[in-house]
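Only one structure is covered here, and it is reproduced in the block below.
The values are calculated or read from the model by the stated rules, or taken from the named source; none is laboratory data. All of these numbers come straight from a predicted model, not from anything done at the bench. Virtual Cβ from ideal backbone geometry, glycine too; neighbours counted across all protein chains shown.
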Amino acid sequence: MWISPYKYVLSLGHLCSDINQSILSAVLPFLIATYHYDYTTAAMLVTVSNVFGAFVQPFIGMLSDKKNKLLYMTLGVLLASGGMAVTGFISNFFGLCIVVIISGIGVVMFHPQAAKLVNSVSSKNAKGKGMSIFSFGGKVGFTLGPVYTAFLMNLFGMKGTILFLIPGIVFGIVCSFFNKDFENLDVLEVEKKEKVKSEQKDDWSGFIKLCCVVFSRSILSNGISTFLAFYFIQQFSKSNSFASMLLSVFYGIGSITLLGGGIADCFGHRKMVRLSFCIFLPAIFIFTNTSHFVIALIMLIFMTCGESLSYSPMVVLG
């Protein structure tokens, strides 16, 4: 039981990391209004952030496999927050690309080490639940990002982005109390690995299939989060602030991920992934083909539920 609190510390870190991803999506309409970018140009900021982060993540993962280092997580969250904090002070598009790349790299620095530690502190029969607690923090971060962005933009204008640094500082302070404890988890991990080493086999066929599913889900999820605010502004003539708030609703409903892991522990992780996609894909089709605001909102709820329920089971399967 002594390791239980660490799940919540890691969940807090997930919040402080992922809030920056939703901040990036939420700040795009304000960048368009301020610097008169077109939608394609603005969306490129999300693309470069994700692409560069994706290239860096495997190397961070390899480093994390060798030794637990809280530095990877704390530095990652600080970079993620710091990159977003200066977006309001840079009008040059190339400069904006650089800082969102830094932020994106910061986000991916956090995840491999954190996911590894969550797995370490979760019991064998509650891996899904442990990952759900961790995922819940990320969903809360995604939810708060657009609200936080709209609040700062309305109060301070683009210069208010400097306050995006606060989550990174908060997590850095919290982590300062747990550094030694997390690094000591290496001892526990070595003992676990020695017990199961002879029983484990790499299932490359299953891994490739899972990667294809994760890849497809990521494309859809990132596309929705990037263009959701724009879609409601264009299709339903909503304001920037309203669209940002709606983005928070989208992420907030995603907190259902807290249930996904627990249900998957009971009924099977593969079944949970299949069920989630049976909800996710039809909802996307209806959402993109309706001109009715209320129907779009209802489908948005189903889309979010389907997308979120699959996260924890897929991480555990990986």
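Does Gly172 satisfy the criteria of being under 23 Å from Asn119 (Cα atoms) and modelled with pLDDT of 85 or more? In short, yes.
Check whether at least one residue in the stretch 201-209 is crowded, with 18+ Cβ neighbours inside 10 Å and either modelled with pLDDT of 85 or more or part of a helix (DSSP H, G or I) (or both), and report yes or no. Scanning the stretch 201-209 turns up no residue that is crowded, with 18+ Cβ neighbours inside 10 Å and either modelled with pLDDT of 85 or more or part of a helix (DSSP H, G or I) (or both). In this entry, Leu317 is excluded by the filter for residues that are surrounded by fewer than 17 Cβ atoms within 10 Å (Cβ to Cβ) and either modelled with pLDDT of 85 or more or hydrophobic (A, V, I, L, M, F, W, C) (or both). Pairs linking a residue in the stretch 211-234 that is within 27 Å of Ser291 (Cβ to Cβ) and surrounded by fewer than 18 Cβ atoms within 10 Å (Cβ to Cβ) to a residue that is at pLDDT below 85 and charged (D, E, K, R), with Cβ atoms under 8 Å and 6 or more positions apart or on different chains, do not occur.
A quick yes/no check of all residues on (1) among the aromatic types (Phe, Trp, Tyr); (2) closer than 15 Å to Pro146 by Cβ; (3) at pLDDT 80 or above:
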position: Val214; (1), (2), (3): no, no, yes
position: Ser218; (1), (2), (3): no, no, yes
position: Phe232; (1), (2), (3): yes, yes, yes
position: Leu246; (1), (2), (3): no, yes, yes
position: Ser255; (1), (2), (3): no, yes, no
position: Asp265; (1), (2), (3): no, no, no
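Go through the stretch 98-124 and give me each residue that's at pLDDT below 95 and over 17 Å from Leu75 (Cβ atoms). Once the filter is applied, which keeps residues that are at pLDDT below 95 and over 17 Å from Leu75 (Cβ atoms), the stretch 98-124 yields Val118, Asn119, Ser120, Val121, Ser122, Ser123, Lys124.
In the stretch 250-280, how many are under 16 Å from the mean Cα position of the chain (by Cα) and polar (S, T, N, Q)? Here the count works out to 2.
Within the stretch 30-54, residues that are surrounded by 15 or more Cβ atoms within 10 Å (Cβ to Cβ) sit with their Cβ atoms under 9 Å from residues that are acidic (Asp, Glu), at 6+ positions apart or across chains, in these pairs: Ile32/Asp38.
Remark: pairs (first residue in the stretch 174-185, of a type in the set (A, V, I, L, M); second residue modelled with pLDDT of 70 or more; Cβ separation under 6 Å; 6+ apart in sequence or on different chains) = Leu185/Ser120.
Working carefully through the options Phe59, Phe55, Phe110, find the one that is over 30 Å from Phe242 (Cα atoms), of a type outside the set (Ser, Thr, Tyr) and in contact with a helix residue (DSSP H, G or I) (Cβ under 8 Å, 6 or more places away or on another chain). Criteria check complete, one pass: Phe110. Take the conditions more than 20 Å from the chain's Cα centre (by Cα), at pLDDT below 90 and crowded, with 19+ Cβ neighbours inside 10 Å and apply them to Asn68. Does it pass? Spelling it out, Asn68 is indeed more than 20 Å from the chain's Cα centre (by Cα), at pLDDT below 90 and crowded, with 19+ Cβ neighbours inside 10 Å. Being under 30 Å from Leu155 (Cα atoms) and either in a helix (DSSP H, G or I) or among the acidic types (Asp, Glu) (or both) is a property that does not hold for Ser308.
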